[in-house]
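Working notes for the structure below.
The values are calculated or read from the model by the stated rules, or taken from the named source; none is laboratory data. Treat the numbers as computed from the prediction; the structure is a model and nothing was measured. With ideal geometry, Cβ positions are generated from the backbone for all residues, glycine too; neighbour counts draw on all protein chains shown.
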């Protein structure tokens, strides 16, 4: 493949995972279109490549015309667009299901050779969570429109700038007690750099298409153990207060009204289910190993950014 003349369109490329993927693809010499609703908020990505190599363009996956323009002439299409809560026109079905179908259909029509789609570990058409159901429905729509698509389901993603560990660190700094919802549910956190490397490998044809791959890190921890790990890294001793699902949903009602909701009722449902790589995926080799990527442990990364939530930041030298 002549990378210098190969166009890659990345929907949602300005986000946490997308920035990492853009950087890796730029280093490998591809021409990159970063398709986002607000191109002015993605201009910082241009510094990750050579002059003119990375171009932010306007596209909204709820509008088929903008998607078709964004993929025109692209050999590789990557869709990372997702939302954690619903607001206004940004609904789970519109983004994760209909939007996913729009991108896949446009990529097929444009003659793209590869499509890599971001889903989520725990996607399940029978889930109590609307988020998880929409993700599973989106996978089905993608494979129907682009049968050779590679679908990637990561578990909870960690790394500098992540949305979970940083949020929990902030809450530990602000509140004396931390709520514990779904404390026995298991998670398998995966490093953002490993996820990005898997997407690039898939974009280059390293794995078989038409399959769903599940990505998890080397450790499986309960939600309680994750919270304890965060408290250990931030050197705090906030008590953990277990909340049953019903009470947690009541607490979530006002919190869901915030501009950036701390938690929603749907996320409470999501936290009740395990979020780990399935035995079937391991048996069929549909895991991170399929991409030739080694798992990065949390201990190698969390200390590099959670120190800022300690009482004295980087100057905190007291024993953990």
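If I ask for residues that are closer than 21 Å to residue 220 by Cβ, surrounded by fewer than 18 Cβ atoms within 10 Å (Cβ to Cβ) and touching a residue at least 40 places away in the same chain (Cβ under 8 Å), which ones from segment 110-166 would you list? Correct list: 124, 163. The single condition among (1) buried (at least 18 other Cβ atoms within 10 Å of the Cβ); (2) over 19 Å from residue 36 (Cβ atoms); (3) touching a residue at least 40 places away in the same chain (Cβ under 8 Å) that residue 96 does not satisfy is (2). Screening segment 62-85 for residues that are at pLDDT 95 or above and out of contact with any strand residue (DSSP E or B) (no Cβ under 7 Å at 6 or more places or on another chain) and picking the one that is surrounded by the fewest Cβ atoms within 10 Å (Cβ to Cβ) gives 65. Summed over segment 7-18, residues that are touching a helix residue (DSSP H, G or I) at 6+ places or on another chain (Cβ under 7 Å) and surrounded by fewer than 19 Cβ atoms within 10 Å (Cβ to Cβ) total 1.
For segment 56-68, filtering for residues that are touching a residue at least 24 places away in the same chain (Cβ under 8 Å) and either under 21 Å from the mean Cα position of the chain (by Cα) or within 20 Å of residue 16 (Cα to Cα) (or both) leaves 6.
Name the residue, out of 104, 4, 59, that is crowded, with 19+ Cβ neighbours inside 10 Å and more than 17 Å from residue 150 (Cα to Cα).
It is 59.
Scanning segment 202-225 for residues that are touching a residue at least 60 places away in the same chain (Cβ under 8 Å), under 19 Å from the mean Cα position of the chain (by Cα) and under 22 Å from residue 276 (Cα atoms) returns 202, 211, 212, 213, 214, 215, 216, 217, 218, 219. Take the conditions within 30 Å of residue 4 (Cα to Cα), touching a helix residue (DSSP H, G or I) at 6+ places or on another chain (Cβ under 6 Å) and not in a loop (DSSP other than H, G, I, E, B) and apply them to residue 143. Does it pass? No; evaluated as a whole, the condition is false for this residue.
Modelled with pLDDT under 95 and surrounded by fewer than 24 Cβ atoms within 10 Å (Cβ to Cβ): is that true of residue 41 in this structure? Before you say what the answer is, go through the steps one by one.
Numbers: modelled with pLDDT under 95: yes; surrounded by fewer than 24 Cβ atoms within 10 Å (Cβ to Cβ): yes.
So residue 41 fits the description; yes.
Summed over segment 226-245, the residues that are touching a residue at least 60 places away in the same chain (Cβ under 8 Å) and over 27 Å from residue 193 (Cα atoms) give a count of 8. Checked across segment 171-191, the condition of being touching a residue at least 40 places away in the same chain (Cβ under 8 Å), touching a helix residue (DSSP H, G or I) at 6+ places or on another chain (Cβ under 7 Å), part of a helix (DSSP H, G or I) and farther than 17 Å from residue 17 by Cβ holds for at least one residue.
Among the residues here, residue 188 does not qualify as more than 21 Å from the chain's Cα centre (by Cα) and at negative phi.
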